[in-house]
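Only one structure is covered here, and it is reproduced in the block below.
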Amino acid sequence: MSIKEGCRFMLRKIAKQFLPSQIVIFAILFIKYHGITLVDYINVSFLIGGIFLFFSISIFLLSSGFFDLVTQGFRRTFAINSKMISKEEVDEMRPLSELITIPYIPSMINGFLLYAIMLICLWIYYL
């Protein structure tokens, strides 16, 4: 895959998340506030963007190997206390970072895009 194809693929993934997130924002605005105002759009987009950023940063931390030692320690501790799993089986278990394979970059970019639009709307509001 060339760099140009990779960029197109990433843009498609971002667009597949960005458009539904805007639809969700407007749906929440109509359901909760019965209309669209700039302040309400800023508030709702802040929350949805925060959810995307929280999700993507959590996936990044889990897949980076940061919690591998903690999960390995818990597995060994519970293997000692229970007679069902041997230490060899615990050592053969895959680490947590290998189990988490969700791509987090499109969600992170989508969260930053939502925050950028929210900041532009906030700037327009305070003009």
Item checked: Boolean, ILE109 is free of Cβ contacts under 8 Å to residues at least 40 places away in the same chain and either of a type in the set (Val, Ile, Thr) or not in a helix (DSSP H, G or I) (or both) -> no
Notebook entry, point to check: Any chance region 35-47 includes a residue that's polar (S, T, N, Q) and free of Cβ contacts under 8 Å to residues at least 12 places away in the same chain?
Noted result: yes
Check: Mind checking which residues of region 96-126 are modelled with pLDDT of 90 or more, open to solvent by 50 Å² or more (accessible area, probe 1.4 Å) and over 13 Å from PHE52 (Cβ atoms)?
Finding: LEU119, ILE120, LEU122, TRP123, ILE124, TYR125, TYR126
Next item on the list: Tell me the helices (runs of 4 or more DSSP H) entirely within region 5-95 that contain at least 3 residues that are among the hydroxyl-bearing types (Ser, Thr, Tyr) and modelled with pLDDT of 85 or more.
Entry: 38-63
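The values are calculated or read from the model by the stated rules, or taken from the named source; none is laboratory data. In this text, all values refer to a predicted model and were calculated from it rather than measured experimentally. Cβ: placed from backbone, ideal geometry, glycine included. Neighbour counts: every protein chain shown. Note: areas computed on protein heavy atoms with side chains; ligands, DNA, RNA excluded. Shrake-Rupley method; radii C 1.70, N 1.55, O 1.52, S 1.80 Å.
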